[in-house]
Amino acid sequence: MKLSKKEELLALGSALYLLGLEIEGNRAKLQKIVDQHMGVKNIPVTQELMNSILAFENAQHKFAQLEEKYIRLRKELQT
């Protein structure tokens, strides 16, 4: 079953919300690492750090892609 454009817009909005939560969770993990090492300059490069950075960046990239689709569809529905 194909979604209507309004339903698709709602689905994209929901996905953006969930990705926003994921981004905040990833940001919190990175902040915890920074806090454990008393600042950015003292953080050793570990696999945990690299995984956390990659997860944060991937979620941000995915968010930007979905946001672009959302904005495009919203403009399309407004015209």
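Test of understanding: what is the full-extension gain from residue 6 to residue 21, defined as 0.36 nm times their sequence separation minus their Cα-Cα distance? It would help to have the intermediate numbers written out before the result.
On the way: separation 15, 0.36 × 15 = 5.40 nm, distance 2.29 nm.
Additional length available on full extension: 3.1 nm.
For Rg and Dmax of the Cα atoms in Å, which listed value, [x] 14.8, 51; [y] 12.1, 39; [z] 17.1, 53, comes from the coordinates shown?
Computed from the coordinates, Rg and Dmax of the Cα atoms in Å corresponds to [z].
How many Å² of accessible area per residue for the chain, probe 1.4 Å? Intermediate values should be presented prior to the final figure.
Details: 6280 Å² over 79 residues.
Heavy-atom accessible area per residue stands at 79 Å².
Take the alpha carbon atoms of segment 1-42, find their center, do the same for segment 47-64, and report the distance between the two centers in whole angstrom.
About 10 Å separates the Cα centre of segment 1-42 from the one of segment 47-64.
Just to be sure I understand the model, the point goes 7 Å from the Cα along the line to the Cβ. What's the resulting residue 47 to residue 76 distance in nm?
With each label point 7 Å from Cα toward Cβ, the separation is 4.3 nm.
Given the options 31, 65, 47, which has the most mean-square fluctuation in a GNM of the chain, springs set between C-alpha atoms less than 10 angstrom apart?
Among 31, 65, 47, the largest mean-square fluctuation in the Gaussian network model of the chain belongs to 47.
So which trypsin sites (Lys or Arg not before Pro) in segment 1-54 are both in a DSSP loop and have at most 10 other Cβ atoms within 10 Å of their Cβ?
Hits after loop and neighbour filter: 2.
The values are calculated or read from the model by the stated rules, or taken from the named source; none is laboratory data. Worth saying up front: this structure is predicted, and the values here are computed from it rather than measured. Reconstructed Cβ throughout: ideal geometry from the backbone, glycine too, with neighbour counts over all protein chains shown. Surface areas here come from the heavy atoms of the whole protein model, side chains and all, with no ligands, DNA or RNA. Shrake-Rupley method; radii C 1.70, N 1.55, O 1.52, S 1.80 Å.
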